[in-house]
Amino acid sequence: MHYFRVTIAYKGTHYFGWQAQSKDTLKEEYPTIEGTILKALKKMSNYQHCTISAASRTDGGVHAQGQLAKISLSIDISADHLLLGLNSALPLDIRILECASSTKNFQPNVSSVSKEYHYYFTASKTDNVAISEISLRLSTHDDGPIDMALLRTACQLFVGRHDFYNFSVRDLNNASSVRQISYCDILQANFSPLVDEVYYLKIIGDGFLKYMIRYVMGALIELGKGRITLEDIAFYLQHQQDDKLSAKAKAKGLHLIKINE
(Lines give C-alpha, C1' and ligand atoms only; values in the text may rest on other atoms or scores of the structure.)
Protein backbone atom coordinates (compact mmCIF):
# COMPACT_ATOMS: atom_id res chain seq x y z
CA MET A 1 0.00 0.00 0.00
CA HIS A 2 1.03 3.63 -0.56
CA TYR A 3 0.13 6.30 1.99
CA PHE A 4 -0.46 10.03 1.62
CA ARG A 5 -1.08 12.94 3.96
CA VAL A 6 -3.58 15.42 2.52
CA THR A 7 -5.11 18.73 3.51
CA ILE A 8 -8.65 19.18 2.24
CA ALA A 9 -11.00 22.14 1.86
CA TYR A 10 -14.70 21.75 1.22
CA LYS A 11 -17.98 23.60 1.24
CA GLY A 12 -20.31 21.33 3.16
CA THR A 13 -23.62 22.87 2.08
CA HIS A 14 -24.70 19.98 -0.14
CA TYR A 15 -23.17 17.13 1.88
CA PHE A 16 -24.39 15.04 4.80
CA GLY A 17 -21.17 15.44 6.75
CA TRP A 18 -17.72 13.91 6.40
CA GLN A 19 -18.43 10.28 7.23
CA ALA A 20 -19.66 7.98 4.47
CA GLN A 21 -23.17 6.66 5.13
CA SER A 22 -22.78 3.51 3.04
CA LYS A 23 -20.09 0.89 2.42
CA ASP A 24 -20.80 1.25 -1.28
CA THR A 25 -19.66 4.84 -1.75
CA LEU A 26 -20.21 4.57 -5.51
CA LYS A 27 -23.96 4.63 -4.86
CA GLU A 28 -24.41 6.96 -1.89
CA GLU A 29 -28.04 7.94 -1.39
CA TYR A 30 -26.93 10.89 0.72
CA PRO A 31 -23.63 12.37 -0.51
CA THR A 32 -20.80 12.79 2.00
CA ILE A 33 -17.32 14.29 1.74
CA GLU A 34 -15.60 10.97 2.52
CA GLY A 35 -17.80 9.07 0.10
CA THR A 36 -17.26 11.58 -2.71
CA ILE A 37 -13.46 11.47 -2.32
CA LEU A 38 -13.47 7.65 -2.13
CA LYS A 39 -15.52 7.51 -5.32
CA ALA A 40 -12.88 9.60 -7.10
CA LEU A 41 -10.06 7.50 -5.61
CA LYS A 42 -11.66 4.24 -6.75
CA LYS A 43 -11.97 5.51 -10.30
CA MET A 44 -8.34 6.67 -10.28
CA SER A 45 -7.12 3.31 -8.93
CA ASN A 46 -9.23 1.21 -11.32
CA TYR A 47 -11.43 0.18 -8.37
CA GLN A 48 -8.60 -1.34 -6.36
CA HIS A 49 -8.56 -1.14 -2.56
CA CYS A 50 -8.31 2.40 -1.13
CA THR A 51 -9.26 4.19 2.08
CA ILE A 52 -9.33 7.68 3.55
CA SER A 53 -9.47 8.67 7.24
CA ALA A 54 -9.75 12.18 8.66
CA ALA A 55 -8.82 14.01 11.84
CA SER A 56 -12.32 15.44 12.27
CA ARG A 57 -15.69 14.02 11.26
CA THR A 58 -17.53 17.24 10.50
CA ASP A 59 -21.35 17.29 10.56
CA GLY A 60 -23.65 17.81 7.63
CA GLY A 61 -23.50 21.37 6.31
CA VAL A 62 -20.19 22.17 8.05
CA HIS A 63 -17.29 23.47 5.95
CA ALA A 64 -13.52 23.04 6.14
CA GLN A 65 -10.40 24.90 5.06
CA GLY A 66 -7.91 22.60 6.75
CA GLN A 67 -9.20 19.07 7.16
CA LEU A 68 -6.30 16.66 7.67
CA ALA A 69 -6.60 13.15 6.25
CA LYS A 70 -4.70 10.01 5.29
CA ILE A 71 -5.18 8.28 1.95
CA SER A 72 -4.16 4.65 1.47
CA LEU A 73 -3.85 3.37 -2.11
CA SER A 74 -2.73 0.11 -3.65
CA ILE A 75 -1.46 1.80 -6.83
CA ASP A 76 1.93 3.46 -7.17
CA ILE A 77 1.40 7.17 -7.83
CA SER A 78 3.30 10.33 -6.93
CA ALA A 79 1.84 12.83 -4.49
CA ASP A 80 1.75 15.52 -7.18
CA HIS A 81 -0.15 13.32 -9.61
CA LEU A 82 -2.56 12.23 -6.89
CA LEU A 83 -3.35 15.87 -6.04
CA LEU A 84 -3.88 16.80 -9.69
CA GLY A 85 -5.90 13.69 -10.41
CA LEU A 86 -8.23 14.12 -7.45
CA ASN A 87 -8.86 17.81 -8.09
CA SER A 88 -9.75 17.04 -11.71
CA ALA A 89 -12.17 14.30 -10.62
CA LEU A 90 -13.77 15.96 -7.58
CA PRO A 91 -16.62 18.49 -7.69
CA LEU A 92 -15.59 22.13 -7.30
CA ASP A 93 -16.80 22.31 -3.69
CA ILE A 94 -14.10 19.82 -2.59
CA ARG A 95 -10.40 20.62 -3.12
CA ILE A 96 -7.18 18.85 -2.16
CA LEU A 97 -4.92 21.69 -1.03
CA GLU A 98 -1.80 19.71 -0.14
CA CYS A 99 -0.63 16.14 -0.72
CA ALA A 100 2.56 14.48 0.49
CA SER A 101 3.84 10.93 0.88
CA SER A 102 3.28 9.50 4.34
CA THR A 103 3.61 6.26 6.31
CA LYS A 104 1.39 3.44 7.45
CA ASN A 105 1.69 4.63 11.06
CA PHE A 106 0.33 8.12 10.39
CA GLN A 107 -3.10 8.49 12.02
CA PRO A 108 -4.68 11.97 11.60
CA ASN A 109 -7.04 11.66 14.57
CA VAL A 110 -4.22 10.51 16.86
CA SER A 111 -1.62 13.05 15.73
CA SER A 112 -4.01 15.96 16.32
CA VAL A 113 -3.03 18.07 19.34
CA SER A 114 -5.66 20.75 18.89
CA LYS A 115 -8.27 21.94 16.39
CA GLU A 116 -9.27 25.43 15.34
CA TYR A 117 -12.82 26.22 14.26
CA HIS A 118 -14.49 29.46 13.21
CA TYR A 119 -18.20 30.18 13.29
CA TYR A 120 -19.03 33.05 10.90
CA PHE A 121 -22.01 35.31 11.37
CA THR A 122 -23.19 38.67 10.10
CA ALA A 123 -24.72 41.58 11.91
CA SER A 124 -26.57 42.97 8.87
CA LYS A 125 -30.35 43.39 8.70
CA THR A 126 -30.68 41.17 5.64
CA ASP A 127 -28.80 38.14 4.37
CA ASN A 128 -25.92 38.84 2.01
CA VAL A 129 -26.28 36.46 -0.93
CA ALA A 130 -22.49 36.21 -1.35
CA ILE A 131 -22.03 34.43 1.99
CA SER A 132 -25.50 33.28 3.02
CA GLU A 133 -24.55 29.60 2.63
CA ILE A 134 -21.43 29.84 4.78
CA SER A 135 -22.50 32.21 7.56
CA LEU A 136 -25.45 32.91 9.83
CA ARG A 137 -27.26 36.24 10.04
CA LEU A 138 -27.54 37.10 13.70
CA SER A 139 -30.39 39.37 14.77
CA THR A 140 -31.12 40.84 18.19
CA HIS A 141 -34.41 40.97 20.08
CA ASP A 142 -35.00 44.59 19.00
CA ASP A 143 -32.99 44.60 15.75
CA GLY A 144 -30.53 46.91 17.47
CA PRO A 145 -26.74 46.55 17.32
CA ILE A 146 -25.23 43.37 18.72
CA ASP A 147 -23.30 43.89 21.94
CA MET A 148 -20.03 42.38 20.77
CA ALA A 149 -18.32 43.29 24.03
CA LEU A 150 -20.85 41.16 25.91
CA LEU A 151 -20.30 38.22 23.56
CA ARG A 152 -16.53 38.53 23.94
CA THR A 153 -16.90 38.51 27.72
CA ALA A 154 -18.97 35.35 27.44
CA CYS A 155 -16.29 33.70 25.29
CA GLN A 156 -13.82 33.94 28.14
CA LEU A 157 -16.10 31.79 30.29
CA PHE A 158 -15.40 28.87 27.97
CA VAL A 159 -11.60 29.19 28.13
CA GLY A 160 -9.92 26.59 30.31
CA ARG A 161 -10.77 23.02 31.26
CA HIS A 162 -14.53 22.53 31.58
CA ASP A 163 -17.18 19.85 31.48
CA PHE A 164 -19.14 20.53 28.27
CA TYR A 165 -21.85 18.00 29.10
CA ASN A 166 -24.53 20.71 28.73
CA PHE A 167 -23.02 21.96 25.46
CA SER A 168 -23.02 18.69 23.51
CA VAL A 169 -25.02 15.55 22.82
CA ARG A 170 -24.23 12.15 24.24
CA ASP A 171 -21.74 10.08 22.28
CA LEU A 172 -20.84 6.58 23.44
CA ASN A 173 -17.43 6.94 21.77
CA ASN A 174 -16.43 9.66 24.28
CA ALA A 175 -15.67 8.51 27.80
CA SER A 176 -15.53 12.07 29.12
CA SER A 177 -17.25 15.36 28.28
CA VAL A 178 -14.36 17.41 29.73
CA ARG A 179 -12.40 19.43 27.18
CA GLN A 180 -9.60 22.02 27.29
CA ILE A 181 -10.27 25.28 25.41
CA SER A 182 -7.13 27.36 24.90
CA TYR A 183 -8.70 30.22 22.93
CA CYS A 184 -12.21 31.59 22.48
CA ASP A 185 -13.09 35.05 21.17
CA ILE A 186 -15.20 37.06 18.72
CA LEU A 187 -13.27 38.74 15.91
CA GLN A 188 -14.23 40.76 12.86
CA ALA A 189 -13.64 39.10 9.50
CA ASN A 190 -12.25 40.91 6.48
CA PHE A 191 -12.18 38.38 3.67
CA SER A 192 -14.27 39.98 0.95
CA PRO A 193 -15.07 43.51 -0.32
CA LEU A 194 -18.54 42.15 -1.15
CA VAL A 195 -19.59 41.98 2.49
CA ASP A 196 -19.24 43.95 5.67
CA GLU A 197 -20.13 43.47 9.33
CA VAL A 198 -18.97 39.85 9.28
CA TYR A 199 -17.71 38.41 12.57
CA TYR A 200 -16.63 35.01 13.73
CA LEU A 201 -16.24 32.96 16.84
CA LYS A 202 -12.68 31.64 16.90
CA ILE A 203 -12.28 28.64 19.16
CA ILE A 204 -9.27 26.35 19.67
CA GLY A 205 -9.36 23.24 21.82
CA ASP A 206 -7.79 19.84 22.35
CA GLY A 207 -10.95 18.29 20.93
CA PHE A 208 -14.66 18.92 20.56
CA LEU A 209 -17.73 16.89 21.41
CA LYS A 210 -20.60 16.33 19.00
CA TYR A 211 -22.34 19.65 18.25
CA MET A 212 -20.26 21.31 21.00
CA ILE A 213 -19.23 24.42 19.08
CA ARG A 214 -22.75 24.84 17.70
CA TYR A 215 -24.17 24.76 21.25
CA VAL A 216 -21.55 27.27 22.39
CA MET A 217 -22.51 29.54 19.50
CA GLY A 218 -26.18 28.93 20.24
CA ALA A 219 -25.64 30.20 23.78
CA LEU A 220 -23.89 33.30 22.45
CA ILE A 221 -26.82 33.95 20.11
CA GLU A 222 -29.29 33.72 22.99
CA LEU A 223 -27.07 36.01 25.06
CA GLY A 224 -27.05 38.56 22.24
CA LYS A 225 -30.84 38.42 22.11
CA GLY A 226 -31.09 39.05 25.84
CA ARG A 227 -32.71 35.68 26.58
CA ILE A 228 -29.94 34.38 28.85
CA THR A 229 -27.22 35.96 30.99
CA LEU A 230 -23.52 35.48 31.60
CA GLU A 231 -24.48 33.88 34.89
CA ASP A 232 -26.60 31.31 33.06
CA ILE A 233 -23.64 30.30 30.89
CA ALA A 234 -21.34 30.03 33.90
CA PHE A 235 -23.91 27.90 35.73
CA TYR A 236 -24.31 25.49 32.81
CA LEU A 237 -20.54 25.07 32.64
CA GLN A 238 -20.44 24.10 36.31
CA HIS A 239 -23.55 21.94 36.79
CA GLN A 240 -24.86 19.13 34.60
CA GLN A 241 -28.48 19.74 33.63
CA ASP A 242 -31.23 17.71 31.97
CA ASP A 243 -32.14 20.54 29.59
CA LYS A 244 -30.13 22.65 27.16
CA LEU A 245 -29.34 26.29 27.73
CA SER A 246 -30.06 27.01 24.06
CA ALA A 247 -30.66 25.38 20.73
CA LYS A 248 -27.56 24.61 18.70
CA ALA A 249 -26.61 27.14 16.02
CA LYS A 250 -27.13 26.13 12.39
CA ALA A 251 -24.34 24.13 10.78
CA LYS A 252 -23.77 26.52 7.87
CA GLY A 253 -21.67 29.03 9.81
CA LEU A 254 -19.16 26.48 11.14
CA HIS A 255 -15.76 26.02 9.49
CA LEU A 256 -12.91 23.68 10.41
CA ILE A 257 -9.87 25.90 9.90
CA LYS A 258 -6.85 23.95 11.04
CA ILE A 259 -5.66 20.74 12.65
CA ASN A 260 -2.63 21.40 14.84
CA GLU A 261 -0.14 18.59 15.39
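Conditions tested, residue by residue: (1) open to solvent by less than 10 Å² (accessible area, probe 1.4 Å); (2) farther than 15 Å from residue 100 by Cβ; (3) not in a loop (DSSP other than H, G, I, E, B).
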{"site": "23", "(1), (2), (3)": "no, yes, no"}
{"site": "37", "(1), (2), (3)": "yes, yes, yes"}
{"site": "41", "(1), (2), (3)": "yes, yes, yes"}
{"site": "48", "(1), (2), (3)": "no, yes, no"}
{"site": "59", "(1), (2), (3)": "no, yes, no"}
{"site": "70", "(1), (2), (3)": "no, no, yes"}
{"site": "83", "(1), (2), (3)": "no, no, yes"}
| note | Restricting region 72-81 to residues that are within 17 Å of residue 49 (Cβ to Cβ) and aliphatic (A, V, I, L, M), the one least open to solvent (accessible area, probe 1.4 Å) turns out to be 73
| task | Working carefully through the options 94, 146, 131, find the one that is out of contact with any strand residue (DSSP E or B) (no Cβ under 6 Å at 6 or more places or on another chain), of a type in the set (A, V, I, L, M), in contact (Cβ under 8 Å) with a residue 40 or more places away in the chain and under 21 Å from residue 15 (Cβ atoms). | result | 131
| field | Top-ranked residue in region 85-113 [being part of a strand (DSSP E or B) and open to solvent by 20 Å² or more (accessible area, probe 1.4 Å); ranked as farthest from residue 62 (Cα to Cα)] | value | 101
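Do you know which residues across region 1-16 are closer than 17 Å to residue 61 by Cα, part of a loop (DSSP other than H, G, I, E, B) and out of contact with any helix residue (DSSP H, G or I) (no Cβ under 7 Å at 6 or more places or on another chain)?
So the first thing to find is which residues in region 1-16 are closer than 17 Å to residue 61 by Cα, and the list is 8-16.
Remaining after also requiring part of a loop (DSSP other than H, G, I, E, B): 11, 15-16.
Correct list: 11, 16.
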| request: Would you mind stating whether residue 217 is touching a strand residue (DSSP E or B) at 6+ places or on another chain (Cβ under 9 Å), open to solvent by less than 20 Å² (accessible area, probe 1.4 Å), touching a residue at least 24 places away in the same chain (Cβ under 8 Å) and over 17 Å from residue 160 (Cβ atoms)? | output: yes
| Contacts under 6 angstrom Cβ, first residue in region 169-186 being more than 23 Å from residue 242 (Cα to Cα), partner among the charged types (D, E, K, R) and open to solvent by less than 70 Å² (accessible area, probe 1.4 Å), 6 or more apart | 185/202
| said: Among the residues of region 144-157, are any in a strand (DSSP E or B) and open to solvent by 60 Å² or more (accessible area, probe 1.4 Å)? | reply: no
| task | Please state which of the following conditions residue 106 fails to meet, knowing it meets all the rest: (1) farther than 21 Å from residue 192 by Cβ; (2) in the same structural domain as residue 151 (by the TED database); (3) among the aromatic types (Phe, Trp, Tyr). | result | (2)
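The values are calculated or read from the model by the stated rules, or taken from the named source; none is laboratory data. Note that the structure is a prediction, hence the values are computed from the model and not measured. Using ideal geometry, Cβ is built from the backbone for each residue, glycine included, and neighbour counts are taken over all protein chains shown. Heads up: the accessible areas ignore ligands, DNA and RNA and are worked out on the full protein's heavy atoms, side chains in. Shrake-Rupley method; radii C 1.70, N 1.55, O 1.52, S 1.80 Å.
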